[in-house]
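Peer 1: Below is the structure I would like to discuss, written out as C-alpha cells.
Read-outs: derived from the displayed coordinates by stated rules, not from any lab. Worth saying up front: this structure is predicted, and the values here are computed from it rather than measured. Don't worry about glycine lacking a Cβ; one is built from the backbone with ideal geometry, like all the others, and counts go over all protein chains shown.
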Amino acid sequence: MENLNRRTLVVALIYISIGIAFVIKLFILQVYDPSYKFSAESNTRREIINYPARGLVYDRNGTLVVSNQANYDLMVVPKELKPMDTVSFCRALNISKDELKDLFNEMRVKIRNRKISTIKPSIFYKQLSAEQYGYLQEKLYKFDGFFVQRRTLRKYEYPNAGHILGYIGEVSPSTIKKDDYYINGDYHGINGIESTYEKFLRGKKGYEYVLVDVHGREKGAFRDGRFDIPAEAGKDIKLTIDIDLQKYGEELMANKIGSVVAIEPESGEILSMISAPSYDPSLFVGKKRAGNFVELSTDSLKPLFNRPIMALYPPGSTFKPLNALIGLQEGVITPQSKFECYMGYSVGSFHLGCHHHTSPLDLRQSIAGSCNAYYCHVFRDIIDNPKNETVQDGFELWKNYLVRFGFGYKLGVDFANEKRGFVPNHKTYDKIYNKSWSSLTVVSLAIGQGELLTTPLQIANMVATISNKGKYFTPHIIKEIENDTIPSKFTQIHETGVDTVNFRPVIEGMELAVWGTGGNTAGIARIPGIRICGKTGTAENPHGEDHSVFVAFAPKDNPKIAIAVYVENGGFGSTYAAPIASLMVEKYLKKEIDPSRKWIEKRMLEGDLIHATK
C-alpha cells in the first residue's frame, strides 16, 4: 500500500509539473512574446525590403568613381490582384496592352514553376523611370496588389575602367542556392571589383512592415515599426588606380588592341589597368543593359575580353633582362661577359637572326641593343651548366626561376578569370621530342619566344620586381575597405632568390636602352627630368603584324611606377608601346606632358591600328 501511495504521488507530481510548464509557456507567449500574434496578423501586413545603398568606390586620390542613383521597381502580390482598368494602368506605365499582357503571362509562368509566391511580393516591372514613378504614384491606389519598392542602381562617374569596375546584374538561380542573402530579382556584382568585393559593397537588407487594407493600400507602420530592421549601407572602398591616369591611358590606346598595366613597385598597387578596346561601364545600367551586353559580346574586337589578365602573349625581348639575372645568379656570366653577334646566333645549319649592331657586346650593352645572340649564349650556358647532370635538370632550374618571378601560375590579383600563362617544363619537351632534345632545340626561349606565354600583368609584375631588386607584392586593385582590412596576401613579400647585387648591371642596361648614345632601342621613351629605364620587345605573331611591347620603370632610383604595354599588330616595341608607356609614366609623375613631347602624344592619340588594317 505504501508503494502504491508513493507511485500515485510521483504521477501526480509529474502531471502538476507538466501543467505548470504549459501555464508558464502560455504566459510567455501571450504576455512577453508577441511573435505568434505577429504571425496571426500577417494577413494585414506587408513586408517591404529596404535595399541598402551600395558602397561607394573611390580612386587612390579620393576621387569618386562609382556612386548610386535612386531606382524603383513595381511589385505585385498576385493573391491581392483584382479586376482593374488596364487602359489606365498601361497609361500610367507608358506601355502597350501587349506589353502588359506579356508581363502578366510571365508572372503566371513563374507562379506555375514556383519561382514566385502568390502571397509574397515579387517584381512585376523592373526599373521604373523617374517619369513613370512620378505618374504611377498618383494612380497606384486604383490598382490592388501593386506597390512600388525603392532600390538603387550604380552611377559610373567616368566612362572608363569598365574591366576594373565590372557591373551589376540580376542574380541567377545558382547564386541564390549558394548564398541565402539573395532572392529572385536581387542584383549583385557580375565581374570586376563589383564581384570581388560584393560582400563588402552590398551591405545588409532592411525590412519594413506596414499595415494594408483589403485593397492592399498601405495604412501606416505595423505595430509602430517594432519589427522593422533598418538597412545597413555597403562599405565604401578605395581602389589603387589613379582615375586620371586610367582615363589618359585609355585615350592613348583608342583605336588599338592591347593592354597596359602600371604598378607601384613598393606596394604592388595597380595604378592603371587598361584593356583595349574597352567599354563604358554605364552601358550596363538600366533597362538597356541586356541589349548593350549582346552588342558588346558579339563585337569581333572583343571589348569584354579582359586582356591584361586573360590574354596570353610571348614576352619577346622584354624577357631578356630576366635571363640576364638568371645567368648572373648562376655564375655563367658576369656583367663584363661579351659575346659575338654576326647578325644572329648560328650553330651548324641553325641560325636565329638579329638586327645590325656593334659586336661584341657586354651585358649592359646587350640589353640596350637587345642582342638575340647574346641571350642565346646566356640561355644555353644556364641549361648546359656542368653542375646540372642532365639538360632536363638545367631546364627545371631555369623554369623554377621563372616561377619565383611570378610566371606560370596565377599571381592572385583580385579579379576573377586571371590566366596562369604557360611556362613549359622538361616533360613538355620530353613528350614533343621523345626525350631527345638539347638546349639548342629550345633556344628561342632565350628571347622570350617559343612555347612561353605570359599575361601583360605578369610582365608588369616582372619589371616591378626588377625595379625592386628582387622582391614583389602580389598586384592588387584594392587599397582600403571602410572599417576593415584588405586581404593579407597583398601585404606579403615574395622573394625571387636572385641576389640584389645582380640587379644593378641589368637596371643599368635598361637605363642605357633609353638614354644610351649609341645602340639604344628605346630612345623614344626619354622623359625630360626623369631617369626612366626600359626594354623594348617585338613579340612574334604568326597571324599578322608583330606585337609592339615595352616595359619600363621610373625614376631609376626609388621607382614610383612600373609599366608594361602591349599593342597588338603594332610592330616594333619603339613604334607604339614605348611612346605610350613613357607618356603614361610622364603623366603620372609630372601630371603633364613636356612641350617637346607633344608631337609624340599627338601621334599616339591619333594612331589607328584597327581601321587602318581593315
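Peer 1: Over what distance in Å are the Cα centres of region 401-474 and region 91-124 separated?
Peer 2: After rounding, the separation between the Cα centres reads 54 Å.
Peer 1: Still on this structure: Taking the Cα atoms of region 528-614 alone, what are Rg (to one decimal) and Dmax (as a whole number) in Å?
Peer 2: In order Rg, Dmax, the Cα atoms of region 528-614 give 13.6, 44 Å.
Peer 1: Just want to confirm a number: the relative contact order over the chain, from Cα pairs under 8 angstrom separated by 6+ residues, in percent.
Peer 2: Contact order relative to length: 14 percent.
Peer 1: For the chain, what is the mean residue ellipticity at 222 nm derived from helices alone (per DSSP H run of n ≥ 4: -39500 (n - 2.57); sum divided by total residues; nearest 500 deg cm²/dmol)?
Peer 2: -10000 deg cm²/dmol
Peer 1: Then there is this: Within a 10 angstrom radius of the beta carbon, how do Ile229, Ile119, Ile243, Ile447 rank from fewest other beta carbons to most?
Peer 2: Ile119, Ile229, Ile243, Ile447
Peer 1: Could you pull the Rg and Dmax for region 174-285, using just the Cα atoms, both in Å?
Peer 2: Cα radius of gyration and Dmax of region 174-285 are 21.4, 66 Å respectively.
Peer 1: So if I take the centroid of the Cα atoms in region 501-578 and the same for region 48-82, what is the distance between those two points in Å?
Peer 2: A separation of 46 Å, based on Cα centres.
Peer 1: Which entry is the computed percent of Cα pairs over 39 Å apart for this structure: (i) 26; (ii) 46; (iii) 33?
Peer 2: The listed entry that was calculated here is (ii).
Peer 1: Extent of region 373-417 along each principal axis, from alpha carbon coordinates, in Å, largest to smallest?
Peer 2: The principal-axis extents, from largest down, are 42, 25, 13 Å.
Peer 1: A further question on this structure: Ordered by residue, what ³J(HN,Hα) values in Hz, to whole numbers, does region 461-473 give under the Karplus form 6.51 cos²θ - 1.76 cosθ + 1.60, where θ = phi - 60° and Gly and Pro are x?
Peer 2: Along region 461-473, the couplings run 5, 4, 6, 5, 5, 5, 5, 8, 6, x, 9, 8, 9 Hz.
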